[in-house]
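Written below as structure tokens is the structure these notes are about.
The values are calculated or read from the model by the stated rules, or taken from the named source; none is laboratory data. These numbers were taken from a predicted model, which means no experiment stands behind them. Don't worry about glycine lacking a Cβ; one is built from the backbone with ideal geometry, like all the others, and counts go over all protein chains shown.
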């Protein structure tokens, strides 16, 4: 398990060496970057395959809380594996489409993947902040590299709120350090309940602002449409499927382990029902996201708002905090990642080849090249959660956990179902338009081998997860048990075991 | 008044002042400056968490007994604030470069004008 | 945003902060009587992985970390992973600016005067010496790689302003790249010889000597070079953008 650090160190090493290799062998350096991403996916798979339970790995030989530690458990393993695959596919698409010729683009995507891995594995609150900042800075630059005229607007529209949120995150860190005297997440988790309640609530809010912002939750998601529209499609795909997944993961970690002390049920800090607040925010996000998506004509913005709606649903699931809701939330996140990746890459290719970014202009595209229509259809079905496709099982488990909640559960269930209907409506509107016969003649869209490889793999994953969720269930079902424990969660136990070992 | 409380007050005042600037600012350069004020505030706050009255810097220049530890200042917040300053610098440099690009694309460094014109195009 | 609304947000936030800081409920508050830090004393007595020695004095050789400056020992050794992240941030900023800034038409600055041209090399000489002194003594005195590197970069800026020729960022990029590679490589050597990433495999040396705390010293040297190269390359990118047309 020591080798988990390679997931962060190797992309950093390759990124640092790229100015050098870029000068010496300009063609090879991009291929090296791609191979590094392939290594990431394989290595993350290897780590996940070997995970038996929560393990803490030290860095620098210093035990936590003095040094920084990485924690590997089923949850971080699964999320890291999915994120690495998402980044690999998106960058492969970008490289094969020949859009970005600059080596810096690949350098920054390596930094992005390294920082996402850091966000996922780190066991230290301040280190998490550092990785969020690396992810942010690479993301702003990658958005600004977009060719359309909105790219710098999108990048600044993301940078400013994210920087404000990270200032508040640091305020939270300062207050935690002055009250509890440590920055280690596991140690904070075991003593967080002793903090005065109003202070605890303030700390929770200041830390969560940054996380919810990256998680695209209302009211912190004003950056989403602009950034998604301005960025190259592969980067939008990484945001929607990678960054949102990683920050959802952090939300789950902080919410369930730290603020709730590893107990099940609604998250609460002291006397404040944080879980209910998050539940409310989640519900509002679902409504706002789906309505905004319905009103959008720009396809990338529509997909962005659909992500917002989905993330709202996941937040609702996480805030409930029962075994089945956490399982459902993670399943929904993962399935959304794959389905949205397919949608963004297909839409990105169509926009690139036809130069038309609004769905109303897409009339007849699927008549000439029907496979693209089929891909969009499968992606949409995966997101909406029709049975036989991956999204179904996540939504099914979430609804299963909301219906038992009484009155607010009834509201949540109704909303999630209504949201699915709205989602169904605008996605079928999109696909329907593509299959309509248009008046204008549309050029035939052609794709290269790389795109067909990526998309067929994604379709296979979406359908396979829909038909037989059992293939990943075995690992996913262990996650809630590791998060929610009787006295301490498995995560905290793993770190504390190491702490006790050090005192001999 | 306790000095720690005063320092906290100063830090939070800077943060809130900067936040007001970010919320109301239209000129992007001003918004970035306001962000800088917020960062300064939070750095003050971070360093205050290691503050002790009459402490000496945590540098070992003469021998001391570990059981009766001299009144050293807490080294960790100072390390954190170093990281935070560097990150703040990075954000400022990047956002200034982004503003240059923004100006090239839109011909202005005001935020609202662009959003309005975008709506007209759609 | 409307000014009144913004003021409202600020006031509400301020009241929330005031309530949080002066919370009268039982529990741990934001202003503890005594420093609540669980880690500070172990850093100061160098007793993270071994029992604290009874006395610590300059010249001790058996310590777990040989840096006299405890802040530096935290920055580079105990929490060295954060610092790797930090240099990565600067690297990302330099790479990002290089990625999205387009080369622009020339903006002709005024030629510098004779006094500037003559005196700047002299000043830069001293700036470079001070900068390298600061990052070589990071484990002994306040300072270290970041301030030292920033000083060196300031010298580079001064040179660029006085000579007024287009700076080539290639040189800085390569320097930066080499420094970055060696940082991660040192981490990986620690991983494969001692068992964890960035672990000290060089020994602690005698506390307070210039040649002590080898890992801290070497890493701070690398950081100094890297920071200087990164900042200079950012400036060079802005500068090249102004020169334009040549590439």
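Numbers at a glance
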{"quantity": "Residues of the range C:201-216 satisfying the condition of being surrounded by fewer than 24 Cβ atoms within 10 Å (Cβ to Cβ) and outside any loop (DSSP other than H, G, I, E, B)", "calculated": "C:214"}
{"quantity": "Hits in the range A:158-194 - residues which are within 12 Å of chain C (Cβ to nearest Cβ) and under 15 Å from residue A:257 (Cα atoms)", "calculated": "A:183, A:184, A:187, A:188, A:190, A:191, A:192, A:193, A:194"}
{"quantity": "The one condition in (1) farther than 30 Å from residue A:92 by Cβ; (2) surrounded by 24 or more Cβ atoms within 10 Å (Cβ to Cβ); (3) in contact with a helix residue (DSSP H, G or I) (Cβ under 7 Å, 6 or more places away or on another chain); (4) without any contact (Cβ under 8 Å) to a residue 60 or more places away in the chain that residue A:211 fails to fulfil", "calculated": "(1)"}
{"quantity": "Hits in the range B:48-66 (condition: more than 7 Å from chain C (Cβ to nearest Cβ) and buried (at least 20 other Cβ atoms within 10 Å of the Cβ))", "calculated": "B:48, B:49, B:50"}
{"quantity": "So residue B:6, is it assigned to a helix (DSSP H, G or I) and out of contact with any helix residue (DSSP H, G or I) (no Cβ under 8 Å at 6 or more places or on another chain)", "calculated": "yes"}
{"quantity": "Tally of residues being more than 8 Å from chain C (Cβ to nearest Cβ) and crowded, with 20+ Cβ neighbours inside 10 Å across the range B:92-106", "calculated": "2"}
{"quantity": "Residue in the range B:67-75 that is within 9 Å of chain C (Cβ to nearest Cβ), without any contact (Cβ under 8 Å) to a residue 60 or more places away in the chain, assigned to a helix (DSSP H, G or I) and more than 15 Å from the chain's Cα centre (by Cα) present", "calculated": "yes"}
{"quantity": "Filter result for the condition that a residue is over 20 Å from the mean Cα position of the chain (by Cα), surrounded by 18 or more Cβ atoms within 10 Å (Cβ to Cβ) and either within 13 Å of chain A (Cβ to nearest Cβ) or touching a residue at least 12 places away in the same chain (Cβ under 8 Å) (or both), over C:198, C:191, C:219, C:158", "calculated": "C:191"}
{"quantity": "Tally of residues being free of Cβ contacts under 8 Å to residues at least 12 places away in the same chain, buried (at least 20 other Cβ atoms within 10 Å of the Cβ) and away from chain C (no Cβ under 13 Å) across the range A:11-43", "calculated": "0"}
{"quantity": "Residue ranges of helices (runs of 4 or more DSSP H) in the range A:58-146 with at least 3 members at the interface with chain C (Cβ under 9 Å from one of its Cβ atoms)", "calculated": "A:103-121, A:125-144"}
{"quantity": "In the range C:25-36, the residues that are at the interface with another protein chain (Cβ under 8 Å from one of its Cβ atoms), surrounded by fewer than 23 Cβ atoms within 10 Å (Cβ to Cβ) and in a loop (DSSP other than H, G, I, E, B)", "calculated": "C:25, C:26, C:27, C:29, C:31, C:32, C:35, C:36"}
{"quantity": "Among (1) more than 22 Å from the chain's Cα centre (by Cα); (2) within 30 Å of residue C:74 (Cα to Cα) - the single one residue A:12 does not satisfy", "calculated": "(1)"}
{"quantity": "Options A:142, A:183; residue that is crowded, with 23+ Cβ neighbours inside 10 Å, under 30 Å from residue A:350 (Cβ atoms) and in contact with a helix residue (DSSP H, G or I) (Cβ under 7 Å, 6 or more places away or on another chain)", "calculated": "A:142"}
{"quantity": "Residues of the range C:1-24 that turn out to be away from chain A (no Cβ under 11 Å) and under 34 Å from the mean Cα position of the chain (by Cα), as a count", "calculated": "2"}
{"quantity": "Per-region count, the range B:25-45, residues in a helix (DSSP H, G or I), over 10 Å from residue B:15 (Cα atoms) and within 13 Å of chain C (Cβ to nearest Cβ)", "calculated": "1"}
{"quantity": "Residue in the range A:266-276 that is touching a residue at least 60 places away in the same chain (Cβ under 8 Å), on the phi < 0 side of the Ramachandran plot, under 16 Å from the mean Cα position of the chain (by Cα) and in a loop (DSSP other than H, G, I, E, B) present", "calculated": "no"}
{"quantity": "One residue from A:162, A:144, A:204, A:174 being modelled with pLDDT of 90 or more and farther than 26 Å from residue C:20 by Cα", "calculated": "A:144"}
{"quantity": "Single residue of C:149, C:144, C:131, C:138 found to be in contact (Cβ under 8 Å) with a residue 12 or more places away in the chain, more than 9 Å from chain A (Cβ to nearest Cβ), on the phi > 0 side of the Ramachandran plot and touching a helix residue (DSSP H, G or I) at 6+ places or on another chain (Cβ under 7 Å)", "calculated": "C:144"}
{"quantity": "Qualifying residues in the range C:46-91 (those that are at the interface with chain B (Cβ under 8 Å from one of its Cβ atoms) and part of a loop (DSSP other than H, G, I, E, B)) - the one surrounded by the most Cβ atoms within 10 Å (Cβ to Cβ)", "calculated": "C:79"}
{"quantity": "Members of the range A:44-55 found to be closer than 17 Å to residue A:9 by Cα and within 14 Å of chain C (Cβ to nearest Cβ), listed by number", "calculated": "none"}
{"quantity": "Of all residues in the range A:209-223 being away from chain C (no Cβ under 14 Å) and not in a loop (DSSP other than H, G, I, E, B), the one that is nearest to residue A:166 (Cα to Cα)", "calculated": "A:210"}
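Results for (1) without any contact (Cβ under 8 Å) to a residue 60 or more places away in the chain; (2) surrounded by 14 or more Cβ atoms within 10 Å (Cβ to Cβ), shown as yes or no for each residue.
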position	(1), (2)
A:388	no, no
A:395	no, yes
A:421	yes, no
A:426	no, yes
